[in-house]
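The next block holds one structure in the form of structure tokens; read it before the comments.
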Amino acid sequence: MSGVAARAWSLSFNRLDYHPLAAVRATIDAILTTPNLRILQFHCAFGDDGSTLYILELFWDRQPNEAAAFCLQQTSLYFTAIANGNSQMYHSADLLRCISESGLKVIEEHDQVGLYHTLLKCRKA
């Protein structure tokens, strides 16, 4: 082997599986699945008692108008049907239930952060 072929090599893995930000985003998008619930449980198990987990999410049920909620629901349809097959925009109650089941509690909620997001501040229950 010589030239570029001698210096080039490739890995056969999906780089998104190893990117921490992508993993976090995928977790929040598909939070109702068991593997993703485990990430919240992991934070609860290994985080200090004083550690804080912040979740910034778009909830369709907390939008300031119906048009914004409709757009998020259609985005959810796109991600479920076309993009990665499992991402979805959830009702806030679904994520809050998941947080509670993981052993965390929401200590603060701030809606309309940057107009459309909700910021959840979580700690161990």
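The values are calculated or read from the model by the stated rules, or taken from the named source; none is laboratory data. As the structure is a prediction and not an experimental result, all values here were calculated from the model. No Cβ is skipped: glycine too gets one built from the backbone with ideal geometry, and neighbour counts run over all protein chains shown.
The table below gives the values:
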| quantity | calculated |
| --- | --- |
| Where Asp29 falls short, out of the listed (1) buried (at least 16 other Cβ atoms within 10 Å of the Cβ); (2) modelled with pLDDT of 65 or more; (3) of a type in the set (Asp, Glu) | (2) |
| Condition broken by Ser76, with the remaining ones in (1) surrounded by 17 or more Cβ atoms within 10 Å (Cβ to Cβ); (2) closer than 22 Å to Leu37 by Cα; (3) over 14 Å from the mean Cα position of the chain (by Cα) satisfied | (3) |
| Residue match in the range 8-19 (condition: touching a strand residue (DSSP E or B) at 6+ places or on another chain (Cβ under 8 Å), surrounded by 12 or more Cβ atoms within 10 Å (Cβ to Cβ) and at pLDDT below 85) | no |
| Qualifying position, being surrounded by 14 or more Cβ atoms within 10 Å (Cβ to Cβ) and touching a residue at least 40 places away in the same chain (Cβ under 8 Å), among Leu96, Leu119, Leu115 | Leu119 |
